[in-house]
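Comments concern the structure below.
The values are calculated or read from the model by the stated rules, or taken from the named source; none is laboratory data. None of the values given here were measured: they were computed from a predicted structure. Don't worry about glycine lacking a Cβ; one is built from the backbone with ideal geometry, like all the others, and counts go over all protein chains shown.
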Amino acid sequence: MKILLAAAAMLLFGCASHRVVVVRPTEAKEHHVLAEAQRFAGLLGVHVKAVITTTVYMVPASNPSYPGEKVPAGGWYGHGSVKFWRPVILERSLEYGTALAAHEVAHVLFHSEEDADACGRLLIAGQTCPRN
């Protein structure tokens, strides 16, 4: 019985930890990254919902200080929406917001980070991305 209760608690905790808290954009940088996401979605001809969130989503570090290091993502794509983590959007430049929006919207079509990076660069240049 204790094992069953522990498993149920883990399941509930796991489900709750994936809930994304969406917040209303109030700052210019937040409006900028949301508008850029819609602009890039238009270039790709895809529909994506873009939101600002206070939810932390941990991902493997690009340049880890130690094996397995994880860091909060500035943005991520999943289930038809792009989420932008408010603290990063507010602390970084508009150019960063543009690059992040391009990269995350590219994930609508491309799963790999390399392909999303390449497509993001094309989107920033005003071009579309070749579909495989």
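Report yes if A102 is touching a Cys at 6+ places or on another chain (Cβ under 8 Å), crowded, with 20+ Cβ neighbours inside 10 Å, of a type in the set (G, A, S) and not in a loop (DSSP other than H, G, I, E, B), otherwise no. Criteria met by A102. Taking residues in the stretch 26-48 that are closer than 12 Å to S81 by Cβ, and partners anywhere that are loosely packed, with under 13 Cβ neighbours inside 10 Å, the pairs with Cβ atoms closer than 7 Å and at least 6 places apart or on different chains are A41/H47; V48/G80. Scanning the stretch 55-99 for residues that are assigned to a loop (DSSP other than H, G, I, E, B) and in contact with a Phe, Trp or Tyr (Cβ under 8 Å, 6 or more places away or on another chain) turns up T55, V56, Y57, A73, G74. Taking residues in the stretch 104-132 that are without any contact (Cβ under 8 Å) to a residue 60 or more places away in the chain, and partners anywhere that are of a type in the set (S, T, Y), the pairs with Cβ atoms closer than 6 Å and at least 6 places apart or on different chains are H107/Y77.
Does A61 meet the test of being touching a strand residue (DSSP E or B) at 6+ places or on another chain (Cβ under 8 Å), modelled with pLDDT under 95 and of a type in the set (A, V, I, L, M, F, W, C)? In short, yes.
For the stretch 25-39, a residue qualifies if it is more than 14 Å from the chain's Cα centre (by Cα) and of a type outside the set (G, A, S), and the qualifying residues are P25, T26, E27, K29, H31, H32, R39.
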